[in-house]
1. Ignoring everything except DSSP H segments at least 4 long, calculate the 222 nm mean residue ellipticity for the chain; use -39,500 (n - 2.57) per segment, divide by total residues, nearest 500.
2. Counting only pairs 8 or more places apart or on different chains, how many lysine pairs in the chain have C-alpha atoms closer than 21 Å?
3. Against the longest alpha carbon principal axis of the chain, how many degrees, from 0 to 90 and to the nearest 10, is the axis of helix 30-45 turned?
4. So if I place +1 on the C-beta of Lys and Arg and -1 on the C-beta of Asp and Glu, and nothing else carries charge, what would the dipole magnitude of the chain be about its Cα centre? I want it in debye, nearest 20.
5. Under 8 Å for C-alpha pairs, at least 6 residues apart: give me the relative contact order for the chain, rounded to a whole percent.
6. Along the charge dipole of the chain, Cβ charges K/R +1 and D/E -1, which of Ala14, Ala74, His42 sits furthest on the positive end?
7. Normalised by the number of residues in region 20-82, what is the relative contact order in percent for Cα pairs under 8 Å and 6+ residues apart?
8. Explain nothing, just the number: dipole magnitude of region 91-137 about its Cα centre with +1 on each Lys and Arg Cβ and -1 on each Asp and Glu Cβ, in debye rounded to the nearest 20.
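Quick note: the coordinates plus some simple rules give every number you see, no bench work behind them. These figures come from a predicted structure and were not determined experimentally. Cβ coordinates were reconstructed from backbone atoms using ideal geometry, including for glycine residues, and neighbour counts include every protein chain displayed.
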Amino acid sequence: MVGLSEKERARIQADHWILLTKLGANAVTNEQFDNGFELNLHASDNPEFAWLVFENIIGRYDPEDISSSNPNDAQLILANLGAGPLETLVASNGDKFVDSIAKANEDVRFRYALGHMWQNATPDPVWNKIQRILGRG
């Protein structure tokens, strides 16, 4: 991805992750798996880039799809984003992203993704701040 803008790299990474999430690990090639899983690595090692990818993924879906009673791609993708790479970012870099999370929580799509996180390895002080942002603490 040499020569591409960071925004374009984020779009491509989002494409890879969405493909992996929709098809599942058993239905993709090793290369497709590696390309998609890379977002989880960025969440720990390059969180600013991962955040750009999150914004790209979330921006692809209509906010109205979140409240639909019919299961849809938006719910699938955003739930997996929250329970996967977003949870990883919060566990490893959450203290640096509390303000970004607070701002993002104003968007129903982001709030939906955030609602699918578990504390996992997130330190208690960071988790407690995020729970207050989500109105749970």
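1. -21500 deg cm²/dmol
2. Taking the chain as the scope, the lysine pair count is 4.
3. Its long axis makes an angle of about 30 degrees.
4. 320
5. Relative CO of the chain lands at 22 percent.
6. Result: Ala74.
7. Contact order relative to length: 29 percent.
8. I would put it at about 100 debye.
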